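Novice: The structure follows.
The values are calculated or read from the model by the stated rules, or taken from the named source; none is laboratory data. Computed from a prediction, not measured in an experiment: that's the story for all the values here. Here the Cβ positions follow ideal geometry from the backbone for every residue, glycine too, while neighbour counts run over all protein chains shown. Only protein heavy atoms, including side chains, enter the accessible area calculation; ligands, DNA and RNA are left aside. Shrake-Rupley method; radii C 1.70, N 1.55, O 1.52, S 1.80 Å.
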Amino acid sequence: MNKAAEPDVVRETGHGISFGEAFRVWLRVAILSFGGPAGQIAVMHRILVEEKNWISEGRFLHALNYCMLLPGPEAQQLATYIGWLLHRTAGGIMAGGLFILPGIIAIMGLSYIYAAYGNVGFIEALFFGLKAAVLAIVVHAVVRVGKRALRSRVMIALAAIAFVAIFFFNVPFPIIIVAAGVVGYFGARSGRSEFAAIEHGGGNKIAAVDSLLGDELPGHARPTVGRALKVSSVWLLLWVVPVAALLIGLGQANVFSQIALFFSKMALVTFGGAYAVLAYVAQQAVEHYHWLQPREMLDGLGMAETTPGPLIMVLQFVGFMAAYRDPGTLSPMWAATLGGLLATWVTFIPCFLWIFLGAPYIETLRGNKGLAGALTAITAAVVGVILNLSIWFGLHTLFRQTIPVRSLGLSFDMPVWGSLDVAAFVLAAAAATAIFRLNVGMLWVLAGSCAAGVALRLLGAV
């Protein structure tokens with residue numbers, strides 16, 4: 001507890017953490033939320049569990065496990081969950097909203113620059129270097145998650161099956177996740193040790209929330225049918241009404257209707273974080289809707305990597321570019337702004353729904369073996385999906401041409417080896433060396449790669 005737990009605050013919240021203090025801490029978490037979900041979760045753990053001692057290790061990990069089972073960015077949902085646990089719905093909205101606000105502002109600003117100057121040599125060179133670093137970061141994510149998740153032959157097999165299914169046979173991502181979850185659930189229920197929950201270390205065992213609650217639930221965390229119906233109606237209206245209004249008013253062929261509908265679907269299937277679903281988003285945005293080019297998708301991911309907030313913020317860039325290229329009667333920049341904000345709205349409103357509706361029930365399920373087993377298996381499958389994403393990015397970063405292979409049930413792209421971009425390969429190798437061997441921080445790698453891209457442009461190498 002901080003500030004000697006002021007009496008009025010203790011009476012109001014039960015734990016002495018004022019709403020104002022929580023605002024300042026969540027703003028700090030948001031500003032420091034670089035490095036993808038692993039880095040963001042680590043920041044929250046360090047500040048909330050170790051430094052502030054607001055929440056116990058056990059409850060932190062229980063909330064994290066639930067968020068990893070949900071569609072959407074687990075780090076943002078974890079912030080929403082803990083904010084709700086501390087200060088009810090208002091606390092959840094504050095924590096989850098602040099977590100994405102810096103990213104919204106930063107991605108929007110970078111999108112303006114990209115749309116206005118993306119074809120200028122300097123900007124092209126900047127993003128050329130950025131893409132090489134992003135490729136190395138994605139590969140690092142595969143290794144990092146793999147070391148944690150693939151602890152047995154069963155988990156390795158699940159990851160391999162997931163990779164083969166999505167890369168070679170284009171099996172839909174949700175099917176892979178559901179299948180892995182079912183396998184993990186029944187594997188854990190059968191008592192197989194391979195499906196035991198993944199251990200996390202560090203942190204205090206007792207903190208402000210648990211020292212008050214013990215094994216009891218706070219009043220607002222007790223699930224009731226009436227509360228569930230109220231929460232569902234409010235957040236479903238905030239989500240569905242704008243989508244329905246666009247479809248009815250503008251028709252399905254309008255770009256804003258397409259953005260609203262497509263990213264609403266993505267909000268339902270983005271299990272495993274941004275890395276796991278971006279391959280599908282990129283495929284649809286590039287090949288089906290023709291909103292942007294493969295290299296532009298990499299540029300967008302580079303923006304999301306360099307700014308605070310969840311990586312799924314790249315969807316704002318996709319919505320921005322979609323409306324920019326099909327503005328209708330609006331000016332391109334005004335349409336793009338609305339398109340980016342619309343994509344963000346339909347992406348994140350469901351995240352609040354999942355937490356406010358499900359968290360009370362999840363609080364009653366701490367220690368459930370089946371839930372932990374499902375999470376373990378899904379995490380293993382996500383490793384295979386992220387590997388697929390890294391190869392997809394690698395093909396479009398390192399090669400200027402690819403050949404689609406579509407026969408005997410196979411569906412994948414094969415590189416044209418003679419189209420290898422040597423400069424991109426050298427930059428990606430250098431970025432990978434900095435990350436894997438020299439342990440250079442992500443922001444330094446991104447900045448160095450951008451500078452190298454500009455330097456190569458000045459030398460006439462790209």
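Novice: Please compute one quarter of the surface area of the Cα convex hull for segment 385-443 and express it in square nanometres.
Specialist: Orientation-averaged projected area of the Cα hull: 5.2 nm².
Novice: Between segment 123-156 and segment 289-365, how far is it from one alpha carbon centroid to the other, in angstrom?
Specialist: First find each Cα centre; the distance between them is then 21 Å.
Novice: While we're here: Show the residues, 5+ positions off or on another chain, whose built amide H is closer than 5 Å to the amide H of residue 32.
Specialist: Amide H neighbours of residue 32: none.
Novice: For segment 401-411, just list the computed ³J(HN,Hα) in residue order, Karplus coefficients 6.51, -1.76 and 1.60, θ = phi - 60°, integers in Hz, with x standing in for Gly and Pro.
Specialist: Once θ is set to phi - 60°, the couplings for segment 401-411 become 9, 9, 10, x, 10, 9, 7, 6, x, 7, 8 Hz.
Novice: Over all alpha-carbon pairs of segment 111-197, lay out the pair-distance distribution in 5 Å bins, whole %, shortest bin first.
Specialist: Over segment 111-197, the share of Cα pairs per 5 Å bin runs 3, 11, 14, 16, 14, 10, 9, 9, 6, 5, 2, 1 percent.
Novice: Also, I was wondering about something else. Let me know the Rg and Dmax you get for segment 377-418 when you use only its Cα atoms, in Å.
Specialist: 12.5, 39
Novice: Using 7 Å Cα-to-Cβ label points, what is the residue 408/residue 254 separation (nm, one decimal)?
Specialist: Label at residue 408, label at residue 254, 4.8 nm between them.
Novice: On to the next question. Can you tell me the orientation of helix 153-168 relative to the chain, as the angle in degrees between its alpha-carbon axis and the longest Cα principal axis, to the nearest 10?
Specialist: Helix 153-168 sits roughly 40 degrees off the main axis of the chain.
Novice: Note down the magnitude of the dipole of the chain about its Cα centre, charges +1 on Lys and Arg C-beta and -1 on Asp and Glu C-beta and zero elsewhere, to the nearest 20 debye.
Specialist: Dipole about the Cα centre, nearest 20: 580 debye.
Novice: Another question about this same structure. How much length, in nm to one decimal, is gained on full extension between residue 331 and residue 365, taken as 0.36 nm per residue of separation minus their Cα-Cα distance?
Specialist: Once the chain is fully extended between residue 331 and residue 365, it gains 7.2 nm.
Novice: Go through segment 233-241 residue by residue and turn each phi into a ³J(HN,Hα) via Karplus (6.51, -1.76, 1.60, θ = phi - 60°); whole Hz please, and just put x for glycine and proline.
Specialist: Each residue's phi maps through the Karplus curve to give 5, 5, 6, 5, 5, 4, 8, 7, 4 Hz.
Novice: For a quick protection proxy, order the peptides 170-176, 24-30, 373-379 by their average other-Cβ count within 10 Å, most packed first.
Specialist: Result, highest mean Cβ count within 10 Å first: 373-379, 24-30, 170-176.
Novice: Using mean Cβ contacts within 10 Å as the protection proxy, how do 442-451, 94-103 order, highest first?
Specialist: In decreasing order of mean packing, 442-451, 94-103 become 94-103, 442-451.
Novice: Which of the peptides 396-408, 152-164 is most tightly packed, and how do the rest follow, judged by the mean count of other Cβ atoms within 10 Å per residue?
Specialist: Result, highest mean Cβ count within 10 Å first: 152-164, 396-408.
Novice: Now for a different question. Ignoring solvent entirely, what values of log10 I(q)/I(0) come out of the Debye formula for segment 78-144 at 0.22, 0.25, 0.28 Å⁻¹ when each Cα is a single scatterer?
Specialist: Debye output, listed in q order: -0.89, -0.95, -1.02.
Novice: Here is a further query. What's the angle, to the nearest 10 degrees (0 to 90), between helix 255-269's Cα axis and the longest principal axis of the chain?
Specialist: 60 degrees
Novice: If I stretch the segment between residue 169 and residue 295 completely, what's the gain in nm (0.36 nm per residue apart, minus their alpha carbon distance), one decimal?
Specialist: 43.0 nm
Novice: Using the Cα centre of segment 282-409 as the reference point, and only Cβ charges (+1 on K/R, -1 on D/E), how large is the resulting charge dipole? Debye, rounded to the nearest 20.
Specialist: 260 debye
Novice: On to the next question. Amide H of residue 399: which non-local residues (sequence gap of 5 or more, or other chain) have their own amide H closer than 5 Å, using H built in the peptide plane?
Specialist: Result for residue 399 returns 421.
Novice: Quick one: dipole size for segment 350-457, taken about the Cα centre, charges +1 on Lys/Arg Cβ and -1 on Asp/Glu Cβ, in debye to the nearest 20.
Specialist: The calculated dipole for segment 350-457 is roughly 80 debye.
Novice: Could you point to the residue in 159, 357, 314 farthest towards the positive end of the chain's charge dipole, with +1 and -1 charges on the Cβ of Lys/Arg and Asp/Glu respectively?
Specialist: My answer, from the dipole projection, is 159.
Novice: Hey, what did the chain get for relative contact order, percent, Cα under 8 Å, at least 6 apart?
Specialist: The normalised contact order for the chain reaches 29 percent.
Novice: Shifting gears a bit: Starting from the Cα of residue 112, step 7 Å along the direction of its Cβ; do the same at residue 238; then give the gap between the two resulting points in nm.
Specialist: For residue 112 paired with residue 238, the spin-label model returns 2.6 nm.
Novice: Another question about this same structure. Bin width 5 Å, origin at 0, all Cα-Cα pairs of segment 313-462: what percent of pairs per bin?
Specialist: In order of increasing distance, the bins hold 2, 7, 8, 9, 12, 15, 16, 14, 9, 5, 2, 1, 0 percent.
Novice: Now a separate question. Return the Rg/Rh value of the chain, two decimal places, where both radii are evaluated on C-alpha atoms and Rh is the Kirkwood radius.
Specialist: Radius of gyration relative to Kirkwood radius: 0.97.
Novice: So how long is each side of segment 242-399 along the principal axes, counting just the alpha-carbon atoms, biggest first, in Å?
Specialist: Extents along the principal axes, in whole Å: 55, 42, 27.
Novice: At 1.4 Å probe size, with the rest of the protein present, what percent of the exposed accessible area of segment 131-179 is carbon and sulfur atoms?
Specialist: That fraction is 76 percent.
Novice: Among 302, 108, 196, whose Cα lies farthest out toward the positive end of the dipole of the chain, if unit charges sit on the beta carbon of Lys, Arg (+1) and Asp, Glu (-1)?
Specialist: So the residue furthest toward the plus end is 196.
Novice: How much accessible area per residue does segment 105-150 have, in Å², with a 1.4 Å probe?
Specialist: Solvent-accessible surface per residue comes out at 41 Å².
Novice: Right, next: Taking θ as phi - 60°, what are the ³J(HN,Hα) couplings along segment 297-308 by the Karplus curve (6.51, -1.76, 1.60), each to the nearest whole Hz, with x for Gly and Pro?
Specialist: With coefficients 6.51, -1.76 and 1.60, one gets 4, 5, 4, x, 5, x, 4, 5, 5, 8, 10, x Hz.
Novice: Please work out how much length the chain gains when fully extended from residue 229 to residue 436, using 0.36 nm per residue of separation minus the C-alpha to C-alpha distance, in nm with one decimal.
Specialist: Extra length available between residue 229 and residue 436 comes to 69.7 nm.
Novice: Which of 68, 125, 330 sits closest to the plus end of the dipole of the chain, meaning its Cα is farthest towards the positive end, when Lys and Arg get +1 and Asp and Glu get -1 on the C-beta?
Specialist: The listed residue farthest towards the positive side: 68.
Novice: Counting only residues 5 or more places away or on other chains, whose amide H sits under 5 Å from the amide H of residue 413 once H atoms are built in the peptide plane?
Specialist: Placed amide hydrogens put 405 under 5 Å from residue 413.
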